[in-house]
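Below is one structure, written out as structure tokens; comments come after it.
The values are calculated or read from the model by the stated rules, or taken from the named source; none is laboratory data. Computed from a prediction, not measured in an experiment: that's the story for all the values here. Cβ sites come from the backbone with ideal geometry, for glycine too, and all protein chains shown count toward neighbours.
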Amino acid sequence: MKWLESPDALFEALERVAPELSCLPIVTRELVNKDEPLWWSSSAVLGGRYVAKFAWSRPAALRLAHEITVLTELAAVPYLPKVVASSTDPVLLVTELVPGRSLFEVVDSIDRDRAGRQLAYFLAELQRAGERMDDLPPAALQPAGTDTVRERFGKWIRPEQRTAVLNWCDWADEVLAEPALPVLAHADLHGGNQVWYGDELRAIVDLETAGLADPEYDLRAFPGTGPGIELLTATMKHYQEFTGRALDPDRVMAWHLRTALGDALWRSEAGVLLPDHRTPAEWIEDLSTRFTALKIRSV
């Protein structure tokens, strides 16, 4: 396996892997200089019709090579982008560009029951396909551990909120202590990795971290997506219709808690604004509201 020496080597890689596409105009996503080689990857739009993903470090190339393998084996799963060209020498993935907007941009205006049905169908088909695959690795789980949150999150919230956060961490650890039967998970199914056209789901992208995880893990971002918890509850309802299996709202919320607190912690420590430009203390208020709406007694 080989990777690009630098982002500037994309044109040469295209000439080697997909020469018929190398004549198209290349619009590269703005590159962000990061110290961690794991994130030395990016994408570019080719002629307004295709998306090329590439990497210029071994850790980033390994993630992209994994995505190439997953997309190749899951070609029949609905909503996954169509692979146009791929290679591991150099590591390069080209898929069809699917026009649309992210879920974050449309969630306030779409029928969330209809959206939940489409997302549940994708999850059901993804998991069925995973049952036919051999040697699936564990998914690269992202949330920060609760020990890290306990040690370092308190300084970013109001003093009266700290006890609640500690109790939530204890609760989440208890809920997730009992292992669940793993399934193939996308593992990064937030709204930015979903392409929608109106209330029609068009594509699910970015499978670099796909692997085995709890069925509830893929829903960890849903409680915080859009107003209320309608998208989450709709997806869970339709998932049971498609699979005959119920999802555990406690496990969904435990993963969501770890995700939300971990995200707020690293952003606060790095001096990066939270996605909605609010404060960690305001996020704690939202978490409390979600627990109440789902009728979950976390302490």
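The condition of being modelled with pLDDT of 95 or more, buried (at least 18 other Cβ atoms within 10 Å of the Cβ), among the acidic types (Asp, Glu) and not assigned by TED's automatic domain parsing to the domain that holds Gln142 holds for only one of Glu12, Glu67, Glu20, that being Glu67.
For segment 23-42, a residue qualifies if it is in contact with a Lys or Arg (Cβ under 8 Å, 6 or more places away or on another chain) and either surrounded by 16 or more Cβ atoms within 10 Å (Cβ to Cβ) or of a type in the set (A, V, I, L, M, F, W, C) (or both), and the qualifying residues are Leu24, Leu38, Trp40, Ser41, Ser42.
Please find, within segment 209-226, the residue that is nearest to Glu178 (Cα to Cα) out of those that are assigned to a loop (DSSP other than H, G, I, E, B) and out of contact with any His (no Cβ under 6 Å at 6 or more places or on another chain). Taking the candidates together, the pick is Asp214.
Among (1) under 16 Å from Leu257 (Cα atoms); (2) touching a residue at least 60 places away in the same chain (Cβ under 8 Å), where does Thr163 come up short? Result: Thr163 fails condition (2) only. Pairs meeting the criteria (first residue in segment 237-250 and assigned by TED's automatic domain parsing to the domain that holds Glu216, second residue buried (at least 18 other Cβ atoms within 10 Å of the Cβ) and among the acidic types (Asp, Glu), beta carbons under 8 Å, at least 6 apart or on different chains) are Leu247/Glu216; Asp248/Glu216.
Each residue in segment 284-299 was checked for being within 15 Å of Cys169 (Cα to Cα), part of a helix (DSSP H, G or I) and not aliphatic (A, V, I, L, M), and 2 of them qualify.
Inside segment 174-204, residues that are over 9 Å from the mean Cα position of the chain (by Cα) and assigned to a loop (DSSP other than H, G, I, E, B) make up a count of 7. Quick one: is Leu265 crowded, with 16+ Cβ neighbours inside 10 Å, in the same structural domain as Asp188 (by TED's automatic domain parsing) and closer than 20 Å to Ile296 by Cβ? Considered against the rule, which asks whether it is crowded, with 16+ Cβ neighbours inside 10 Å, in the same structural domain as Asp188 (by TED's automatic domain parsing) and closer than 20 Å to Ile296 by Cβ, Leu265 comes out as no.
On the stretch given as segment 46-89, residues that are over 25 Å from Leu103 (Cβ atoms), free of Cβ contacts under 8 Å to residues at least 60 places away in the same chain and not in a helix (DSSP H, G or I) total 5. Screening segment 70-87 for residues that are among the hydroxyl-bearing types (Ser, Thr, Tyr) and surrounded by 16 or more Cβ atoms within 10 Å (Cβ to Cβ) and picking the one that is nearest to Ala44 (Cα to Cα) gives Ser86.
In segment 214-261, the qualifying residues are those that are of a type in the set (Gly, Ala, Ser), out of contact with any Leu (no Cβ under 7 Å at 6 or more places or on another chain) and modelled with pLDDT of 95 or more, and the one that is farthest from Val106 (Cα to Cα) is Gly244.
Taking the criterion of being modelled with pLDDT under 95, surrounded by 14 or more Cβ atoms within 10 Å (Cβ to Cβ) and either closer than 27 Å to Glu230 by Cβ or basic (Lys, Arg) (or both), the residues of segment 119-163 that qualify are Ala139, Leu141, Gln142, Pro143.
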